[in-house]
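Quick note: the coordinates plus some simple rules give every number you see, no bench work behind them. Note that the structure is predicted; figures quoted are calculated from it, not measured. Counting neighbours? That spans all protein chains shown, and the Cβs are built from the backbone with ideal geometry, glycine included.
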Amino acid sequence: MNALAAPPRNGELGFWVAQLADKRPSFPRFTGQDSVDVAIVGGGYTGLWAAYFAKKIEPSLSVAVFEAEQVGYGASGRNGGWLSAMPPGNRATFARAGGGLEASRALQQEFVAGVDAVLDILEAEGIDADQYKGGALVAAHTRAGLGRLVTRRDADLKYGLTDDEVHMLDRDEFQSQINISTVHGGLFYKHCARFHPAKLVYGLADTLTSMGVRIYEGSRVDSVADKTLTLANGRVTAARTFICTEGYSGRLLGRRSLIPVNSSLIVTKPLPEKAWQQIGWDGPQCLNDSAHTFIYAQRTADGRIAMGGRGVPYRFGSGTGGDGATAQSTIDLISQKLSSFFPGIPFEVEHAWSGVLGVTRDWNGGVHWDPASGIGASTGYAGHGVTSAYVGGRTLVELAFEKETERTTLPWVGYRARKWEPEPLRWLGVHAMYRLFGIADQWEERRGSSTTSLLARFGSRLAGLHE
Ligand SMILES: Cc1cc2nc3c(=O)[nH]c(=O)nc-3n(C[C@H](O)[C@H](O)[C@H](O)COP(=O)(O)OP(=O)(O)OC[C@H]3O[C@@H](n4cnc5c(N)ncnc54)[C@H](O)[C@@H]3O)c2cc1C
């Protein structure tokens, strides 16, 4: 990194949103009284997909989206830009929850199909979000990390992925795609596409407008009860309401059902062609690694690297971190990771930001529909949320309109994790887990051990992440 460089922009909802500041569609604030067939709380991908499929099921429905801030304010405008086939949770847990192995395989298949389904819709609707399906590479920097990838691939095959869809790469094969100096080998996943998060949000919002969906910004919903949404300056009656507020769900779904876990990103200035020749990465593969405190990255369409990781993991009392201002220590941590992957390449960080994921007590998401109250929710994606938002938003609509499909019987439909502990226990628990993961990474690196450290196993158990 260049020590003399100007400090990067920080927060401001992140680089993707800032880059499109003069192209952002804007929508009115809701005031007064209204009545709609479908009310949606939250203008991120889940809410927007739910609105899209409500209109697809029945174009004459009146559909309104109420967004507290601006569309894409949450994780949907700030994420790493991976459209991946990873389901939102542990496939073994979903298998145990009912339906067994076949049900979990069906979930995995829906997420594989979901990647192409989203890309097909973007093409059909003319949405250009820099999307490109180039797969994903997972790097192992330690022998223990490589061992975890072997185990992970075995599980992938068990849950229905094929050899063609996920395969191991040795060090040379990996470096021929992306020349990471520290890599021991890795995994390649076929079903993953890179995209520009804010372009996707705004493209969907424009499409919805042309379909007749009303979108309101600056319109926070304070409560939903008796088929009525109460806002600061108005009330709306709705036969069906979908709560799509992910990491911001505390107010409407309860602070102990889901917590906001922080994730942070940096983006570099565009790299010169010479640097790309050294790095390789001439395709649009997404990149992450098998560390316990993992990173995720993409090469952007305009030739930058966007890399994310975990900084401050959780704020006491479920704070959501406003516009995403990020501690310098986190920016340094992710920047050092990037430099260790590609030594000798001078990166300059242009922007750093953070956002929140919605995480349940066992890190498994769920889609819920209650016909009696007319309220549904799709949440808890824990960082695998882009395809989940599509599957979840679509499933909500199908459940609410009694359409039986391959999605309505998936094992995350109706799945509920137990509640999070009250504070200060949950703050202590999440921080302890990340601390253990950090120490475990250093331990595995220094020792060169081939097995996952006991500390990491204990951290996973603490978090409810174990099989
Ligand atoms: C830094 C980061 C990187 C990530 N990277 C990836 C990735 O590369 N791939 C991936 O698959 N997933 C990723 N995720 C996760 C993914 O982005 C999210 O799971 C997904 O965007 C969630 O979409 P959503 O619509 O459910 O929630 P959000 O996008 O969070 O939207 C919720 C919206 O609800 C609004 N809201 C909240 N309360 C109210 C209220 N009371 N009234 C009205 N509106 C309200 C909020 O303002 C917000 O706009 C990442 C997340 C983060 C934070």
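Computed values, structure above
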item	result
Acute angle (nearest 10 degrees) that the helix 386-400 long axis makes with the longest principal axis of the chain, alpha-carbon atoms	20
Extension gain, E12 back to D120 (0.36 nm per residue minus Cα-Cα distance, nm)	35.8 nm
Dipole of the chain, positive end: most advanced residue of I178, G160, N364 [Cβ charges, Cα centre]	N364
Whole-Hz couplings from phi, Karplus 6.51/-1.76/1.60, listed for region 342-353; x for Gly and Pro	10, x, x, 8, x, 9, 10, 6, 8, 8, 10, 7
Set of region 72-98 residues, backbone N closer than 17 Å to the point 7 Å along the Cα-Cβ line of D154	91-93
Out-of-range pairs (alpha-carbon distance over 21 Å; input K133/K337; K158/K190; K56/K227)	K133/K337; K56/K227
Selection of chymotrypsin sites (Phe, Trp or Tyr not before Pro), region 157-201, meeting DSSP coil and at most 12 other Cβ within 10 Å	none
Global geometry of region 269-336, whether rounded, prolate or oblate, following the gyration tensor of its Cα atoms and the 1.5 cut on a/c	prolate
Fewest-first sequence of Y45, Y248, Y73 by Cβ atoms within 10 Å of each Cβ	Y73, Y248, Y45
Dipole of region 117-160, positive end: most advanced residue of G147, G126, A136 [Cβ charges, Cα centre]	G147
Estimated vicinal HN-Hα couplings, Hz - region 181-191 in sequence order (Karplus 6.51, -1.76, 1.60; Gly, Pro = x)	5, 8, 7, 9, x, x, 10, 10, 10, 6, 9
Helix-only [θ]222 nm of the chain, DSSP H runs n ≥ 4, -39500 (n - 2.57) each, per residue, nearest 500	-11000 deg cm²/dmol
Computed label-point distance, nm, for sites L454 and E421 using a 7 Å Cα→Cβ extension	2.1
For region 211-276 and region 293-341, distance of Cα centres in Å	21
Region 105-151: C-alpha gyration tensor shape, a/c 1.5 cut-off, then a/b vs b/c	oblate
Cα-based shape type of region 1-133, given that a ≥ b ≥ c are square roots of the gyration tensor eigenvalues and the cut on a/c is 1.5	oblate
Distance-filtered residues of region 63-98 - backbone nitrogen under 17 Å, label point 7 angstrom along R220 Cα→Cβ	66-75
Computed over the chain, the ratio Rg/Rh where both radii use C-alpha atoms and Rh is Kirkwood	0.95
Fully extended contour minus Cα-Cα distance, from R143 to D164, at 0.36 nm per residue	5.2 nm
For region 1-424, size of Cβ-based charge dipole, Lys and Arg +1, Asp and Glu -1, in debye	980
